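Notes for the one structure printed next.
The numbers here are math on the coordinates, done by the rules we state, and not lab data. As the structure is a computational prediction, the values presented were derived from the model and not from experiment. Counting neighbours? That spans all protein chains shown, and the Cβs are built from the backbone with ideal geometry, glycine included.
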Amino acid sequence: MPVIELADVSRAFTVTSRTGFRRTRREVRAVDGMTFSVEPGEVMGYIGPNGAGKSTTIKMLTGILVPSGGSIRVAGVDPSRHRLKLAKRIGVVFGQRTTLWWDLPLKDSFAVLQKMYDVPLARHRSNLATFVELLDLQDLLDVPVRQLSLGQRMRGDIAAALLHDPEIVYLDEPTIGLDVISKARLREFLAQVNAERRTTIILTTHDLDDIEALCTRVMVIDHGHQIFDGTLDGLKSSQSAPRTLVVDLAASLPPIEVTGATVVKVDGPRQHLTFPTSASAAPLLAQIAANYPLVDLSVSEPTIESVITQLYNSA
Amino acid sequence: MGVYWAIAVRSFRRFSTYRIATASGAFTNSVFGFIMCGIYLTLWHERPGLGGYDAADALTFVWLQQGLLMPVGIWGATTTGELGERVRSGEIAVDLYRPTHLLLWWLSVDLGRALFQLLVRGGIPLLVGALVFDLKFPSGLLAWLAVAVGVFLAILVSFGIRYLVALSGFWITDTRGMEQLALVLSTFFSGMILPLVVFPGWIGGFARATPWAATMQVPIDIWLGRNPGGTGSALLFQLGWVAVLLLGAQVVTSVATRKVVIQGG
């Protein structure tokens, strides 16, 4: 049974703009006709450009915003009607905000959470011990949160969101601003929590490496509409993002002519060509080598960024 | 209920970490205490028995005033200031993700703060004042108990007002005007400038009936044993304002929450 179910959910906001003394009201649909469901234990990447409707969706899923149309069920309840009840069963992390007590040692925040979520003391202790070990928090427990680095604070926030064994965790850009090592560590931890506890994870991010490392499923939204829902590989193959061939010639030449490929950029003796993912690079090389003074070359696969950019542009 | 206690305890601890700020604040309160004593002594020398106070009452009033200023939060408090900031920035949404009631959460935070400041920012100036001047103290357990209840109710009244000002940010984009207004009203009607007992006629009557009177004038009168209608009616007066303000705060909280949830902020 799905743990999250959305049926034709939409959310409109009234925006009042003022020019001189004239007030005009118009309706903006931040989310429009969203339908999907998430199974327990899934890790879903929820991506889209700024203003696509990601936060609006998360707010509706946590019950702090009611949809203007459609229906939502999370963990079997209507989120906005049972916000406080649902709050005990979910965890939320905002990469740019903290829910920890700024001036107090990290352990104080954890102690408040035990009371806030009524976690049995034994359970709290064992969870805390696990997270302290996995996230390497031992030396940080007595340090006031304001003295923690961004990466350390983020680890603290993630532990805080998971201490009460939530069924679902919403992570809003959890790796924003972190260095490569901290990012890798956090991803590893999340993967482990998901594997061991079957915690459903919804991850919004602009960092596509997060998606590659963690998500079994990707949903892309733009202008409030779902434009893709499937696996990461499915996403890559759904778009015929072209491959790139970079050739270095012996001299600067006008754009070369090759059947099956087009020059997109000339940079002195270096020329960039694109060709369809489905085509083979070998015949192109033969052509170029036969007709031009070829010195060196490289072929690059489409990046997930380019796939998504193409997706936004085509939507 | 355990969670609200835990929150209050953490808030108490949080304020206890600002050692230098606390020490310099207590020093400032003490300096102002001496300045005010100079002014009040002159005034009561010229007009003995002004407002029914003798000189010792007036001096005690000064040191209690300095001691209650921060704990009660006459000029605002860090806690409700932060609440206002969260409302303005929209960060208040984070508070709604928690399985706790907004009003009780912030009340617990404020009570933890108030208790710490009462002990230090209240205790130190009072001690300094008592060492230099001959101040009045309540006599007997019952009188002390009445003072404790009176101060607690004063904090609740002040919290109610500060909370409502902070939540006004849900409807007013810029709450600075509101805060300024609250500051001016609070400064005058709490008795921060002059004890409200010195104001004659209807102005005095009106001033003593406002909720701000319940935050400072009334608890100080309980300490001095000078409430016109007796200590019991003074406590009832405070309790009345607590009921009105906290009820209002709860109503405003639900309306604000509904506004966020339905209109989206």
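Relative to the longest principal axis of the Cα atoms of chain B, helix B:102-117 runs at roughly 30 degrees.
Here is how the number arises for chain A: DSSP H runs of 4 or more residues each give -39500 (n - 2.57), the sum is divided by the residue count, and the result at 222 nm is -10000 deg cm²/dmol. Of all aspartates and glutamates in the structure, those lying under 19 Å Cα to Cα from A:LYS107, and not within fewer than 8 positions of it along the same chain, are A:ASP118, A:GLU133, A:ASP136, A:ASP139, A:ASP142, A:ASP157, A:ASP165.
In this Cβ point-charge picture (+1 for Lys and Arg, -1 for Asp and Glu), region A:1-44 has a dipole of about 800 debye about its Cα centre. Note on the protein assembly as shown: with charges restricted to the Cβ of Lys and Arg (+1) and Asp and Glu (-1), its dipole about the Cα centre is near 1740 debye. By the gyration tensor of its Cα atoms, with a ≥ b ≥ c the square roots of the eigenvalues, what is the shape of region A:1-76: rounded for a/c under 1.5, prolate for a/b over b/c, or oblate? Taking the square roots of the gyration eigenvalues as a ≥ b ≥ c, region A:1-76 is prolate. For B:MET192, no residue whose modelled amide H falls within less than 5 Å of its own remains once neighbours fewer than 5 places apart on the same chain are excluded. With a 10 Å cut-off around each Cβ of B:94-105, the average count of Cβ atoms from other chains is 5.
Between the helical axis of B:141-167 and the dominant principal axis of chain B, each derived from Cα atoms, what acute angle in degrees is found, rounded to the nearest 10? Once rounded, one gets 40 degrees.
Inter-chain Cβ neighbour count for A:107-119, averaged per residue, equals 4 (cutoff 10 Å, partner chain atoms only).
Counted by Cβ distance under 11 Å from B:PRO228, the other residues give a net charge of +1, where Lys and Arg count +1 and Asp and Glu count -1.
With bins 10 Å wide beginning at 0, the percent of Cα pairs of the protein assembly as shown falling in each bin runs 3, 14, 20, 18, 15, 12, 8, 4, 3, 2, 1, 0. Over all alpha-carbon pairs in region A:243-314, figure out the percentage whose distance exceeds 19 Å. Pairs farther apart than 19 Å: 33 percent. DSSP bridge analysis restricted to the protein assembly as shown gives an antiparallel fraction near 70%, rounded to the nearest 5.
Projecting the Cα atoms of B:GLN217, B:SER233, A:PRO242 onto the charge dipole of the protein assembly as shown (Cβ charges, centred on the Cα centre) puts B:SER233 farthest toward the positive pole. Report, in degrees rounded to the nearest 10, the 0 to 90 angle that the Cα long axis of helix A:282-291 makes with the longest principal axis of chain A. With rounding to tens, the tilt is 40 degrees. Per residue, chain B reaches -23000 deg cm²/dmol at 222 nm when only DSSP H runs of four or more residues are counted, each adding -39500 (n - 2.57). Region B:210-265 and region A:223-288 have their alpha-carbon centroids 71 Å apart. Take each residue of peptide A:50-62, count the partner chain Cβ atoms within 10 Å of its Cβ, and average: the result is 1. Restricting the calculation to Cα atoms, every distinct pair contributes to the Kirkwood radius of region B:2-263, found to be 19.1 Å. Ranked by the mean number of other Cβ atoms within 10 Å of their residues, highest first, the peptides B:91-102, B:193-204 fall in the order B:91-102, B:193-204. Along region B:177-189, what does the Karplus equation 6.51 cos²θ - 1.76 cosθ + 1.60 (θ = phi - 60°) give for ³J(HN,Hα), rounded to whole Hz, x for Gly and Pro? After applying 6.51 cos²θ - 1.76 cosθ + 1.60, I find x, 4, 5, 4, 4, 4, 5, 5, 4, 5, 4, 6, 7 Hz. Our note on the geometry: Cα centres of region A:59-124 and region B:137-204, 35 Å apart.
The protection proxy used here, the mean number of other Cβ atoms lying within 10 Å of each residue, ranks peptides B:141-152, A:56-67 as follows, highest first: A:56-67, B:141-152. Whole-Hz Karplus values for region A:214-229 come out as 10, 8, 8, 8, 10, 10, 10, 10, 8, 6, x, 10, 6, 10, 7, 8 Hz, taken residue by residue from phi with 6.51 cos²θ - 1.76 cosθ + 1.60 and θ = phi - 60°; glycine and proline positions read x. In the structure shown, the pairs A:LYS54/A:LYS88; A:LYS59/A:LYS85; A:LYS88/B:LYS259 are assessed against 20 Å; a Cα-Cα span above that value is assigned to A:LYS54/A:LYS88; A:LYS88/B:LYS259. Evaluated over the Cα positions of chain A, the convex hull gives a direction-averaged projected area, one quarter of its surface, of 22.8 nm². Shown here for region A:1-82: chymotrypsin sites (Phe, Trp or Tyr not before Pro) in loop regions (DSSP other than H, G, I, E, B) with at most 10 other Cβ atoms within 10 Å, namely A:PHE21.
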